[in-house]
Amino acid sequence: MRLEPSWLARLGAEFERPRMRALADFLRAEKQRGRTIHPPGPRIFAALDSTPFEEVKVVILGQDPYHGPGQAHGLCFSVLPGVPVPPSLANIFREIERDLGIAPADHGCLLPWARQGVLLLNAVLTVEGGRAGSHQGKGWEEFTDACIEVLGREREGLVFMLWGSHAQRKGRLIDGRRHCVLKAPHPSPLSAHRGFLGCGHFSRANAWLAGRGQTPVDWRLPPKEQLGRG
């Protein structure tokens, strides 16, 4: 499997582990059965490709990719221009507007965030079309645990946004004395009203970064016509 060089240098050994070999066998077998897997193969590691290790400032953890046709492209919560904005992402935009006064863009592509150092990582990197959660427990969780562990160990002063119990379980891997750990309910319509809306994570992340002499994230997204396909 192809991986961005700075991540490959730290995670290459993960691909030799029995769990990852079994995962690769599982994915090949699913394709041979004619199952549709999201995102497409070249985009499975798009989160790592888009945000090299040394450039990470903020980590947003999702669960697994969108399972509808044309939705998943490897960045958690993000969809390509032209794809309708899913409900959870709409609530993220709603909170950014409440928190920072930034109106939602006319699309849901979060690649501009990734290019500023926001790692948009799902806990599970693939899913069968139409079957949410279908690739959980197949080995991806251990791989993304390794991503979080190496960030927590080798980097200093990152912001981790953990939304919902699934993401918050990875909080055990993060030293809250060295990093800023922000927790809230998931932005799904089922839970956003329980505290995601009003959490202020976006302004809090920028205040943390600015306080450490780093450039805050510009959470505005350019208009759709200014985006290339991510």
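Out of all DSSP beta bridges with both ends in the chain, state the antiparallel percent to the nearest 5.
Working: 3 of 17 bridges.
Counting only bridges with both partners in the chain, antiparallel ones make up about 20 percent.
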Which value in nm describes the separation of the simple spin-label points at Arg212 and Leu100, placed 7 Å from the Cα toward the beta carbon?
1.7
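Does the stretch 35-130 classify as rounded, prolate or oblate by the C-alpha gyration tensor (a ≥ b ≥ c root eigenvalues; a/c under 1.5 gives rounded; else a/b over b/c gives prolate, otherwise oblate)?
Oblate shape, in that a/c is at least 1.5 and b/c is the bigger or equal ratio.
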For Ile102, distant residues with modelled amide H under 5 Å away:
Glu97
When the label point is put 7 Å from the Cα of Glu154 along its Cα-to-beta-carbon vector, which residues of the stretch 46-79 have a backbone N closer than 20 Å?
46-61
For the chain, calculated [θ]222 nm from helices alone, where every DSSP H run of n ≥ 4 adds -39500 (n - 2.57):
-9500 deg cm²/dmol
Among the listed pairs Lys31/Lys224; Lys138/Lys183; Lys170/Lys224, which are separated by more than 29 Å between their Cα atoms?
Lys31/Lys224; Lys170/Lys224
Between the stretch 21-53 and the stretch 98-121, how far is it from one alpha carbon centroid to the other, in angstrom?
24
Residue-wise HN-Hα coupling along the stretch 177-182, computed from phi with Karplus coefficients 6.51, -1.76, 1.60 (Hz; x: Gly, Pro):
7, 9, 10, 8, 10, 10
I need the phi-derived Karplus couplings for the stretch 199-204: 6.51 cos²θ - 1.76 cosθ + 1.60, θ = phi - 60°, integer Hz, Gly and Pro marked x.
6, x, 5, 6, 6, 5
Treating the chain as a set of equal point scatterers at the Cα positions, no solvent, please give the Debye-formula log₁₀ I(q)/I(0) at q = 0.11, 0.16 Å⁻¹.
-0.52, -1.17
Under 5 Å from the placed amide H of Ile37, counting only residues 5+ away or on other chains, we find Gly129
Indicate the gyration tensor shape class of the stretch 127-206 (rounded, prolate or oblate), computed on the Cα atoms with a ≥ b ≥ c the square roots of the eigenvalues: a/c under 1.5 is rounded; otherwise a/b larger than b/c is prolate and the rest oblate.
oblate
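Where does each of Ile96, Ile37 land when they are ordered by accessible area, with a 1.4 Å probe and the largest first?
Working: Ile96 5, Ile37 25 Å².
Sorted descending by solvent-accessible area, the residues read Ile37, Ile96.
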Say R0 is 45 Å: what FRET efficiency, to the nearest 0.05, do Ala90 and Ala13 get from their beta-carbon distance?
0.70
For the stretch 25-33, what does the Karplus curve 6.51 cos²θ - 1.76 cosθ + 1.60, with θ = phi - 60°, yield as ³J(HN,Hα) per residue in whole Hz, taken in order and with x for Gly and Pro?
4, 4, 5, 4, 5, 4, 5, 5, 7
Once the piece of chain linking Ser6 and His193 is laid out straight, how much longer is it, given 0.36 nm per residue of separation minus the C-alpha distance between them?
63.5 nm
Counting only residues 5 or more apart in sequence or on a different chain, those whose built amide H sits under 5 Å from that of Val181 are Phe160
For the stretch 14-69, dividing by residue count, accessible area per residue (probe 1.4 Å) in Å² works out to 50
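The values are calculated or read from the model by the stated rules, or taken from the named source; none is laboratory data. Treat the numbers as computed from the prediction; the structure is a model and nothing was measured. Cβ coordinates were reconstructed from backbone atoms using ideal geometry, including for glycine residues, and neighbour counts include every protein chain displayed. Please note that ligands, DNA and RNA were not included when accessible areas were found on the heavy atoms of the full protein model with its side chains. Shrake-Rupley method; radii C 1.70, N 1.55, O 1.52, S 1.80 Å.
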